[in-house]
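Data block below; observations after.
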Amino acid sequence: MQRLEGLSKLTGAERYLDDEPLEGPLKGCLWGMTVRSPVSRGKITRITYGAGFDWSQFVVVEPSDIPGPNETYLIENDQPVLAPGYVRHMHEAVVLIAHQDRNLLRRAVASVRVDVAPEPPALDFRLTPRPDQIQRGSDNLLKKLQIRKGNIERGFAQAHKIVEGEYETGAQEHVYIEPNAMSAWIEDGPTGDVVVVRGSMQCPYYVLNALKHALKRDESRVRVIQSPTGGGFGGKEDYPSTIALHCALLTLKARRPVKIVYDRSEDMAATTKRHPSLVRHRTAVDQNGKMLAQHIEVILDGGAYVTLSPVVLSRGIIHAAGPYTCENVLIEGKAVLTNSVPYGAFRGFGAPQTIFAVERHMDRIAAALNLDPLQVRRVNLLKDGDTTSTQQVIKGGTDRHALLDQTLHIANYDAHKREAEKFNRTHPYLRRGVGVATVLHGAGFTGNGEVYLNSKVDVAGRPDGSLEVLAASTEMGQGTNTVFTKIAADAAGYDIADVFVGTPDTFRVPNSGPTVASRTVMVVGKLVERAIDELARQVGQNGSPLRGPALKSAIQAWHRANPESELKGRATYQPPPDVKFDDKNYIGDAYATFAWGVCVAAVEVDLRTAAVRVLDFVAAQDIGKVINPVLATGQVQGGVVQAIGWALTEEMKFKDGGMHNNTLTNYIIPTSDDVPSIRVHFHENPYPHGGGGAKGVGELPMDGPAPAILNAVAHATGADPRAIPLTPERLLPLLR
Amino acid sequence: MQTTASNPAASTLQIAFSLNGQAIDIAVDPRERLLDTLRYRLNLPGTKEGCGEGECGACTVTIDDLPANSCLVPTFQVRGCSVRTIESVPKAELGPMLAAGATQCGACTPGVVMTAHWIKQHSQVLESQTLRALMAGNLCRCTGYDGIIDGVRRWIGGPQ
């Protein structure tokens, strides 16, 4: 089945928020913009509105205009909607301004001066903060978490060797090609006026909750609608709550519609990024490379507010031990406050950082023992029946050893290795190498997260017998609408032409949870199937569920008998049986299931320039059943290339705590000419509790490329790179 | 809108050009970007803004049959030129791109299609350049480029 909205995207007919005419509810629309903090930390002493503007013609929103608490509703609500007289990071929102003339507005915003009495910012998360940098508790910690299994001291006492290493990863910008954009207007409703917010987003109900909280309104008086969304990757998970609040505040003050569209430089400077990390490994091994104890420390830079850092840290530490089993494990994680833009969700959500560390560390264990890195992986790789660091018993029937062998075969690993070694003996300045990473990714929310979410999906049977899937899961390029249509059509025995997916609109769709965590097809897709069962039961006779034309006729008959009524089947999340997690002690089934992967990278390093080029890349993935091969392959290829950028070129440069290279000229993402064709192999093993038998696919591809590439660089050059992005500047000193 | 941010307009210029084969006669601020003229004044929002500085290629159009980033072109410079936008590309031709998975989120896609369409019409460039090199001016964050490259190859026809 082809992507439903594909042709309208190819012809440019798809209308993103900034493409829409200012008509209908947006008639008379004002443009909104944000005045931002010029420094990383301090007390705002004065705000000066520039001379030469008639400020009575502008709408200006300050913190006193916020009807409810000046808080962005998330985990701890510590992030203000507008800086309340005190700023904690560069580019933090201070004042909002709106005007009908977009050019005049730009000049007016540029004229506003924010004076701040600066205080010492904490800018390096790796350093213990000085007393004058402490801003939270006694140590600036945002969150601390631990996983403990067995007794690491016992393991270290038996060690043949102890291998240590420190691994670092940098911030990463999402670079969705459509920047953040939001609109807001006011409608009449039965219980008073309704603030409607429509824009580019992943999680309509996150935005709804944020609006309810800060605007002090219940859900009958706030409505959130998703507009076609040009990419997200996590960057439109929590940030849209901020821009939605800004837009809503302006519209409430102006009593006119307002639109805020960020340009690229504002989007890059002011929105969330992937958490930078420092991971330390200390591992006890025997002569064969078998791990006897893993002691892992994970430190994440959380930025200026808590936002999602606790859950990013949680996923990070759960993945930190890799797809291996070890009797004795201690993982200590902390997320640290710094005065930089809050780090947020980004594809992989903490796992790519910790998997980078463990997968690079496996190769370094092999080097320390003079063993083949594949052998070290094989003796530790999880088999069904083994337990993870949280003591989750792995099951599901995927043979990870066979997946590794099969991937090496597809990748011509042995030939690559032989040829590289031969090539390197003769070439004066080019060096080739090959590297492997074996990875896992927990699908869906961590621990009891899915139970707490309690997601719901409705499927409506319409008078003509067709079906409409009503879910809050958003299409942002990954193919939600296409895959839901296919899952619903298969479940109902329908032709895809008779299945529709409704626009996420909180007045129409139930809360099926956020569109994150590789959960949409697996978790919400399963709810789509079950909602159809429920619908079919409602119209069936004697409770027997109907399918295909019989279902269609029964729906039509139901509507004839119940004119003007709505027919809906609803499903609510039920965890698979026997999935139990103790989220206080981090023991048990951290995820209902894992997706598995193996990456093989072949690289070439130019010793003159220290530039690294990926020559060949194979990604093998077990994502359960593949629902749509073109879309699933595209997810893997896109994720791999995004990870290649993270590994090699995407470096966020800071100046005084703010992003200094906030342009695509200076922040370098891969082009078509920088990467090879990404060879994708799916190992299909249907997962019975996932929609259509699928597990999550969105994030797994992000996990393996960075360590596979650095392992290949180490193989090619003999260098020992342990930090990414591995830019030429970072690699050159390692080449001697 | 960046080019007009610094100062109010001093004067406008009256220019004529051909847009997708139709004659256009319009008064423009000398600093107005072609991208904004197309999107906000001529109701052709198929051309997208991705970066506003000529890096991403989402705003690709052709000017006198050469691909250009319309965010870097002051509109008055297309006086007397022939400008073509995504709206001029026949929908019926795009099946191979769709089948290959050349579009995901779609924000880069119109620019990708414009470049691909130009390559298709000037396939001799493939004798000296690879398709990957020719497409390198169009950043895509979703596909990893395989879907795009396969799609263009199928659209152009023949091996590449």
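The values are calculated or read from the model by the stated rules, or taken from the named source; none is laboratory data. Everything numeric here is computed off the predicted structure, so don't read it as measured data. Because the Cβ atoms are built from the backbone with ideal geometry, glycine has one as well, and the counts that use them run over all protein chains shown.
For the reader, a short list of remarks on this structure follows.
- Positions within region A:561-576 being in contact (Cβ under 8 Å) with a residue 60 or more places away in the chain and over 28 Å from A:M702 (Cα atoms), in sequence order: A:E566, A:L567, A:K568, A:G569, A:R570, A:A571, A:T572
- Test: B:S70 is buried (at least 21 other Cβ atoms within 10 Å of the Cβ) and hydroxyl-bearing (S, T, Y): yes
- In region A:150-160 there is at least one residue that is in a loop (DSSP other than H, G, I, E, B), of a type in the set (S, T, N, Q) and either out of contact with any Gly (no Cβ under 9 Å at 6 or more places or on another chain) or within 14 Å of chain B (Cβ to nearest Cβ) (or both).
- Here A:I644 clears all of (1) within 14 Å of chain B (Cβ to nearest Cβ); (2) surrounded by 24 or more Cβ atoms within 10 Å (Cβ to Cβ); (3) closer than 30 Å to A:K526 by Cα; (4) out of contact with any Lys or Arg (no Cβ under 9 Å at 6 or more places or on another chain) except the condition numbered (3).
- The numbered conditions (1) over 22 Å from A:Q478 (Cβ atoms); (2) charged (D, E, K, R); (3) touching a Phe, Trp or Tyr at 6+ places or on another chain (Cβ under 7 Å); (4) within 9 Å of chain A (Cβ to nearest Cβ) are all true for B:R141 except (1).
- Among the residues listed as A:A561, A:A517, the single one being farther than 15 Å from A:A491 by Cα, of a type in the set (A, V, I, L, M, F, W, C) and surrounded by fewer than 17 Cβ atoms within 10 Å (Cβ to Cβ): A:A561
- Yes/no for A:M182 being in contact with a His (Cβ under 9 Å, 6 or more places away or on another chain), hydrophobic (A, V, I, L, M, F, W, C), at pLDDT 95 or above and under 27 Å from A:A83 (Cα atoms): yes
- Region A:658-713: number of residues that are in a helix (DSSP H, G or I) and either within 14 Å of another protein chain (Cβ to nearest Cβ) or closer than 27 Å to A:M362 by Cα (or both): 13
- Only one entry in A:L278, A:L250 is over 24 Å from A:H91 (Cα atoms) and either of a type outside the set (S, T, Y) or without any contact (Cβ under 8 Å) to a residue 24 or more places away in the chain (or both), namely A:L278.
- A:D386 meets each of the listed conditions (1) crowded, with 24+ Cβ neighbours inside 10 Å; (2) out of contact with any Phe, Trp or Tyr (no Cβ under 7 Å at 6 or more places or on another chain); (3) of a type outside the set (K, R) apart from (1).
- Residue match in region A:274-286 (condition: touching a Gly at 6+ places or on another chain (Cβ under 7 Å), at positive phi and not assigned by TED's automatic domain parsing to the domain that holds A:W646): no
- Scanning region A:39-75 for residues that are part of a loop (DSSP other than H, G, I, E, B) and within 24 Å of A:L142 (Cα to Cα) yields A:V39, A:S40, A:R41, A:P69, A:N70, A:E71, A:T72, A:Y73, A:L74, A:I75.
- The set of residues in region A:309-324 being crowded, with 24+ Cβ neighbours inside 10 Å and either in contact with a Phe, Trp or Tyr (Cβ under 6 Å, 6 or more places away or on another chain) or not in a helix (DSSP H, G or I) (or both) consists of A:V312, A:R315, A:A320, A:A321, A:G322, A:P323.
- Filter result (more than 9 Å from chain A (Cβ to nearest Cβ) and aliphatic (A, V, I, L, M)) within region B:57-106: B:V61, B:I63, B:L66, B:A68, B:L72, B:V73, B:V78, B:V83, B:A92
- Pairs with Cβ under 6 Å, 6+ apart, first in region A:664-675 and in the same structural domain as A:R613 (by TED's automatic domain parsing), second of a type in the set (G, A, S): A:I669/A:G645; A:P670/A:G645; A:T671/B:A136; A:S672/B:A136; A:D673/B:A133; A:D673/B:A136
- Enumeration of residues in region A:100-143 that are among the polar types (S, T, N, Q) and within 14 Å of chain B (Cβ to nearest Cβ): A:Q100, A:N103, A:S111
For (1) within 30 Å of B:T60 (Cβ to Cβ); (2) in contact with a helix residue (DSSP H, G or I) (Cβ under 9 Å, 6 or more places away or on another chain); (3) within 14 Å of chain B (Cβ to nearest Cβ); (4) buried (at least 20 other Cβ atoms within 10 Å of the Cβ), each residue gets a yes or a no:
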residue: A:E5; (1), (2), (3), (4): yes, yes, yes, no
residue: A:P21; (1), (2), (3), (4): yes, no, yes, no
residue: A:R36; (1), (2), (3), (4): no, yes, no, yes
residue: A:R41; (1), (2), (3), (4): no, yes, no, yes
residue: A:S56; (1), (2), (3), (4): no, no, no, no
residue: A:V59; (1), (2), (3), (4): no, yes, no, yes
residue: A:I66; (1), (2), (3), (4): no, yes, no, yes
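- Of residues in region B:107-138 being of a type outside the set (A, V, I, L, M) and assigned to a loop (DSSP other than H, G, I, E, B), the one farthest from the other protein chains (Cβ to nearest Cβ): B:H122
- Which numbered condition B:D29 misses (of (1) more than 7 Å from chain A (Cβ to nearest Cβ); (2) buried (at least 21 other Cβ atoms within 10 Å of the Cβ)): (2)
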